[in-house]
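This report refers to the structure that appears directly beneath it.
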Amino acid sequence: MKKPFQVQCRDSKYDEEAEMLTLLLFFEEFGECRLVCLSKSDFCYKYPSNPVPHIEMHRTSELFKGKRFKIVIEDDPNRSRDAELKPEDMKRDFGQIIENELKEVREGLSDSQKTMTRRLGDVIEKDMNKRKSAGDQLADEMLIRAKLKDIKWK
């Protein structure tokens, strides 16, 4: 069995889309903070076979905040071992991905057609945000008038 670590939860957040509970834990033994991610499937609700509702995961997240407890961290069977086995290959692959993405950004910035398309899109978006229907303008005006009536002038 692995040794438990004494930790204090500095912050926690539950992501509904990824169904992950992320904890920012201060490991007292190391004197540093680390992120620990827990899957929603690691938890159960009332009975072992019941999935946990999202609202309960949010409540669990809030309960972890500020608490001091012990945690045992074991190897995740879903974690990739490539980084441990071949760190040079992972570094090279990561560098190649970054290089390709930067090349695409540079091409997008240097191509005048793409630049004009981007600027035109920005102008259209700003124009759409500025335009309001007559009903929206009337509602805004009525709201302002109501607020002005409530103000007591000296």
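The values are calculated or read from the model by the stated rules, or taken from the named source; none is laboratory data. Keep in mind it's a predicted model, so treat the numbers as computed, not measured. We place every Cβ from the backbone using ideal geometry, glycine too, and count neighbours over all the protein chains shown.
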Item to check | Unique residue being modelled with pLDDT of 85 or more and surrounded by 12 or more Cβ atoms within 10 Å (Cβ to Cβ) when the list is 63, 38, 102 | outcome: 38
Item to check | From 25, 85, residue being of a type outside the set (Phe, Trp, Tyr) and within 25 Å of the chain's Cα centre (by Cα) | outcome: 25
